[in-house]
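Here's the structure we're looking at; comments come further down.
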Amino acid sequence: MEMLDIALPKGRLGEKVYSMFEKAGFPCPSIREENRKLIFENEELGIRFFWVKPSDVAIYVERGAADIGVAGKDILLEYEPDVYELLDLNIGKCRMAVAAKKDFRDNVNTTLRVATKFSNIAEHFYAEKCRDIDIIHLNGSIEIAPILGLSDVIVDIVETGKTLYENNLEPIETIVPISARLISNKASYQFKNEIIEKIRLGLSEQVGV
Amino acid sequence: MNIESKILKPDEKAACVLRSLYSNLGYCQYKMSKFEEYALYIRNKDFLVSDGIISFTDTNGRLLALKPDVTLSIINNSKDVPGHVQKLYYDENVYRISKSSRSYKEIRQTGLECIGDVGLLEICEVLLLAVRSLESISGNYIFELSHEGIVESVFDDYDIDTSIRGKLLSAVSRKSCAEIDAICSENNLSEKAKETIYVFTENYVSIDRAIESLESICLSDKSKASFKEFSFLVSFLVDAGFENKIKIDFSLTNDMSYYSGVAFKGYIKGIPASILSGGQYDKLMRKMGRSSGAIGFAVYLDALERFNLEEKEFDVDIVLLHSGNIADTLKTAESLSSAGNTVRVCNEIPKNLRYRHVLNVTQKGDN
């Protein structure tokens with residue numbers, strides 16, 4: 001039987017997503033077992049789940065190693081993979097925002113220094129405003145960049161804003177709302193359309209779409 | 001000269017088959033130069049699949065580019081001759097930036113272009129050749145069709161501002177209804193407009209259902225005319241016996257400032273991305289100062305590199321160990337090779353070489 005490969009993001013979001021697949025009628029009981037395995041199969045249903053780093057889900061799907069997967073909109077906007085975005089799962093909700101020190105005042109006479117993990121999103125956002133920026137690509141602890149004078153602002157994911165406030169920062173502008181999306185490889189969508197559509201429908205019933 | 005097909009790689013085999021398919025229908029090969037004027041590409045940068053162009057200054061100071069595309073060069077060399085249609089095919093390497101590694105890649109591309117007084121006859125012929133191209137590579141393929149004219153005229157019907165059309169098309173190409181929703185509410189588009197745009201993201205299992213649905217959204221004379229042409233082309237392919245191979249999917253969209261009529265893509269099972277892409281590009285012709293029409297497609301042969309690739313058990317059939325007379329050794333090698341074996345002549349067995357048998361010339365027997 002031909003298998004449908006599903007890439008799930010490791011972590012809390014992935015577990016929520018898996019529960020949705022289970023409710024949609026696509027369970028794989030072995031995934032609940034305590035072990036370090038990364039690949040789980042339900043041969044009867046012809047599905048195979050695997051856990052990958054959340055930022056890698058889109059790559060697995062775009063390159064066809066996974067037929068479908070669940071990725072955050074932040075990753076999709078940043079890497080712009082050539083995939084179908086079949087459903088907004090309405091979970092993992094947060095927003096991509098610009099944040100700065102509480103006393104920040106934008107001086108339009110100078111180039112704005114922007115620290116971020118999401119260079120592409122930041123570039124697009126400021127290009128639309130025709131604002132000259134200098135991107136400082138960081139891989140973590142973005143919040144300390146303005147405090148240490150490395151950047152004027154940061155572009156990052158904001159969920160509750162607690163980390164920002166605790167570091168004397170505040171969100172000053174929302175770029176885009178973020179949530180988890182069901183994505184599909186474009187070729188797989190053609191050849192495994194029936195099962196992918198069944199999954200999409202089963203998941204959409206849970207998000208009320 | 002006889003060429004053994006078993007030594008050809010899948011992309012080389014496909015290139016041979018496609019060249020013969022196109023030349024048998026009277027398409028002439030177009031050979032382009034490796035370097036072209038940089039200005040040609042930079043003027044039409046948005047038409048290119050990748051945004052990077054390798055450029056350099058020639059000895060006489062001219063800025064040249066290592067070809068990133070073939071179509072622009074073909075149009076550049078074409079002339080408007082009323083009543084005349086130029087039929088060309090090509091098999092060329094192009095140089096583009098790989099999206100994932102951000103480094104330049106050489107990509108082998110075969111395709112054809114039909115330029116001039118292009119009518120329904122030529123469009124049908126190109127569609128047929130596109131389907132036949134897929135069929136010649138694998139029987140397990142899907143040919144996806146849409147029509148830029150329908151999308152554009154429906155956008156016109158709802159007075160959708162040109163500034164948001166690009167964003168809407170991008171959302172349609174990802175089948176992202178969530179994003180279409182967001183764009184429509186941000187720009188105060190009516191519920192009816194939104195519902196109509198949703199039609200372009202639909203997954204149609206049956207052709208009849210797709211045609212019915214498209215007909216219901218084509219209300220103006222312009223959109224009705226585009227719909228009429230599209231349904232004719234679909235019927236042509238159905239009547240030609242490809243009903244089970246074609247799929248109507250309007251998420252297949254191209255840049256509307258270059259493309260005009262029918263658009264299509266081809267997928268082959270086992271290859272994770274589309275392997276064939278094409279369409280009618282009359283608007284690009286206008287941008288390049290031509291009054292005639294054009295349609296064509298490209299087959300991305302590099303995608304075939306790993307297609308149906310079987311892991312070989314052995315690197316060679318026979319390792320022939322030389323000791324003694326050189327002429328005897330090479331004569332033996334030739335005779336073994338003409339019997340259908342692959343033979344590696346060497347003084348000692350190379351490390352990691354996988355072989356079926358070892359033969360010593362002096363012993364002339366299995367070791």
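The values are calculated or read from the model by the stated rules, or taken from the named source; none is laboratory data. Please read these numbers as outputs of a predicted model, since none were measured by experiment. Every residue, glycine among them, receives a Cβ derived from its backbone with ideal geometry; neighbour counts consider all protein chains shown.
Of the residues making up the range B:279-331, just one is loosely packed, with under 13 Cβ neighbours inside 10 Å and of a type in the set (Val, Ile, Thr), namely B:Ile326. For B:Ile183, which of the numbered conditions (1) within 14 Å of chain A (Cβ to nearest Cβ); (2) surrounded by 14 or more Cβ atoms within 10 Å (Cβ to Cβ); (3) assigned to a loop (DSSP other than H, G, I, E, B); (4) not small (Gly, Ala, Ser) fails to hold? Condition not satisfied by B:Ile183: (3). Count, please, the residues in the range A:27-44 that happen to be at pLDDT below 85 and hydrophobic (A, V, I, L, M, F, W, C). The number of residues fulfilling the criteria is 0.
Residues A:Lys23, A:Lys93, A:Lys73: which one is loosely packed, with under 15 Cβ neighbours inside 10 Å, of a type outside the set (Ser, Thr, Tyr) and under 26 Å from A:Lys129 (Cβ atoms)?
A:Lys93
Under the condition of being of a type in the set (Gly, Ala, Ser) and surrounded by 22 or more Cβ atoms within 10 Å (Cβ to Cβ), which residue from the range B:123-177 is farthest from B:Leu189 (Cα to Cα)?
B:Ser133
Every listed requirement among (1) assigned to a helix (DSSP H, G or I); (2) within 14 Å of chain A (Cβ to nearest Cβ); (3) under 15 Å from the mean Cα position of the chain (by Cα) is met by B:Phe143 save one, (1). The criterion of being among the aromatic types (Phe, Trp, Tyr), in contact with a strand residue (DSSP E or B) (Cβ under 7 Å, 6 or more places away or on another chain) and within 14 Å of chain A (Cβ to nearest Cβ) does not hold for B:Tyr259.
Table: residues versus (1) closer than 22 Å to A:Asn193 by Cβ; (2) under 22 Å from the mean Cα position of the chain (by Cα); (3) part of a helix (DSSP H, G or I).
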site	(1), (2), (3)
B:Asp159	no, no, no
B:Lys192	no, no, yes
B:Glu195	no, no, yes
B:Lys228	no, no, yes
B:Phe232	no, no, yes
B:Ser251	yes, yes, no
B:Met256	no, yes, no
B:Tyr259	no, yes, no
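Quick check on my filter: what residues within the range A:49-107 are at the interface with chain B (Cβ under 9 Å from one of its Cβ atoms), of a type in the set (Gly, Ala, Ser) and without any contact (Cβ under 8 Å) to a residue 60 or more places away in the chain? Result: no residue meets the conditions.
When A:Leu182, A:Leu203, A:Leu138, A:Leu150 are checked against the criterion of being crowded, with 16+ Cβ neighbours inside 10 Å, hydrophobic (A, V, I, L, M, F, W, C) and over 30 Å from A:Tyr18 (Cβ atoms), A:Leu138 stands alone in meeting it.
Hand me the list of strands (runs of 3 or more DSSP E) wholly inside the range A:18-126 holding 2 or more residues that are small (Gly, Ala, Ser).
In the range A:18-126, A:68-72, A:94-101 are the strands (runs of 3 or more DSSP E) which contain 2 or more residues that are small (Gly, Ala, Ser).
Have a look at B:Arg43, B:Arg102, B:Arg96, B:Arg108 and point out the one that is surrounded by fewer than 19 Cβ atoms within 10 Å (Cβ to Cβ) and either under 23 Å from B:Leu301 (Cα atoms) or not assigned by TED's automatic domain parsing to the domain that holds B:Gly289 (or both). Going through B:Arg43, B:Arg102, B:Arg96, B:Arg108 in turn, the sole match is B:Arg102. Return the residues of the range A:164-190 that are small (Gly, Ala, Ser) and either assigned to a helix (DSSP H, G or I) or facing chain B (nearest Cβ under 9 Å) (or both); say none if nothing qualifies. Correct list: A:Ser179, A:Ser184, A:Ala187, A:Ser188.
Only residues that are within 14 Å of another protein chain (Cβ to nearest Cβ) and modelled with pLDDT under 90 were counted in the range B:97-140, giving 6. Checked against the criterion of being modelled with pLDDT under 95 and touching a Leu at 6+ places or on another chain (Cβ under 6 Å), the range A:103-119 has no qualifying residue. Checked against the criterion of being farther than 21 Å from A:Glu205 by Cα, within 18 Å of the chain's Cα centre (by Cα) and more than 14 Å from every other protein chain (Cβ to nearest Cβ), the range A:30-48 has no qualifying residue. Filtering the range B:19-37 to residues that are surrounded by fewer than 18 Cβ atoms within 10 Å (Cβ to Cβ) and part of a helix (DSSP H, G or I) leaves B:Arg19, B:Ser20, B:Ser23, B:Asn24. On inspection, A:Asn193 fails the criterion of being farther than 19 Å from A:Leu45 by Cβ and either facing another protein chain (nearest Cβ under 8 Å) or of a type in the set (S, T, N, Q) (or both).
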